[in-house]
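Input: a single structure, listed below in structure tokens.
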Amino acid sequence: MKKNVIVAQSGGPSPVINSSLRGVVEACRSFPDIFGTIYGGWHGIEGVLKEELLNLSVQDEDEISLLRYTP
């Protein structure tokens, strides 16, 4: 059974946070037999608690790779 993943980050947008998000998504995509849907909490943990989630799995690979250049 595949495991879904949820990412919740805090501290505001920064190159480090965006790169770590990119890393999580790319790592999960590298193991499609293990990981299913990748969710991101809108506004971090607050979004998780309010069930405000973004499906990061549907984002294009090129869009995710741009996170490394996004401040």
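Throughout, read-outs are computed from the coordinates displayed, never taken from laboratory work. Being a predicted model, the structure only gives us computed values, none of them experimental. Methodologically, a virtual Cβ is constructed for each residue, glycine included, from the backbone with ideal geometry; neighbour enumeration extends over all protein chains shown.
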(request) Pull up all non-local amide H partners of Phe35: gap of 5 or more, or a different chain, and H-to-H distance under 5 Å with H placed in the peptide plane. (result) Lys3
(message) Using 0.36 nm times the number of residues separating Arg29 and Tyr69, minus their current alpha carbon distance, what extension gain do you get?
(response) 12.4 nm
(message) If I build a Gaussian network model for the chain, linking alpha-carbon pairs within less than 10 angstrom, which residue out of Ile34, Ile45, Ile17 has the largest mean-square fluctuation?
(response) Ile34
(request) Subtract the Cα-Cα distance of Ile45 and Asp62 from 0.36 nm times their separation in residues, and report this length gain in nm to one decimal. (result) 3.5 nm
(request) Quick one: order Leu66, Leu21, Leu53 by neighbouring beta-carbon count within 10 Å, fewest to most. (result) Leu66, Leu53, Leu21
(request) Go through the chain and name the GluC sites (Glu not before Pro) that are in a DSSP coil and have 11 or fewer other Cβ atoms within 10 Å of their Cβ. (result) Glu51
(message) Name the residue from Thr37, Pro15, Leu66 whose Cα lies farthest towards the positive end of the charge dipole of the range 10-69, charges +1 on Cβ of Lys and Arg and -1 on Cβ of Asp and Glu.
(response) Pro15
(message) What's the magnitude of the charge dipole for the range 10-69 around its Cα centre, counting Lys and Arg as +1 and Asp and Glu as -1 at the beta-carbon? Answer in Debye, nearest 20.
(response) 200 debye
(message) Counting other beta carbons within 10 Å of each residue's own, what order do Ser10, Ser20 fall into, fewest first?
(response) Ser10, Ser20
(request) Just round it to a whole percent: the fraction of Cα-Cα distances in the chain exceeding 14 Å. (result) 58 percent
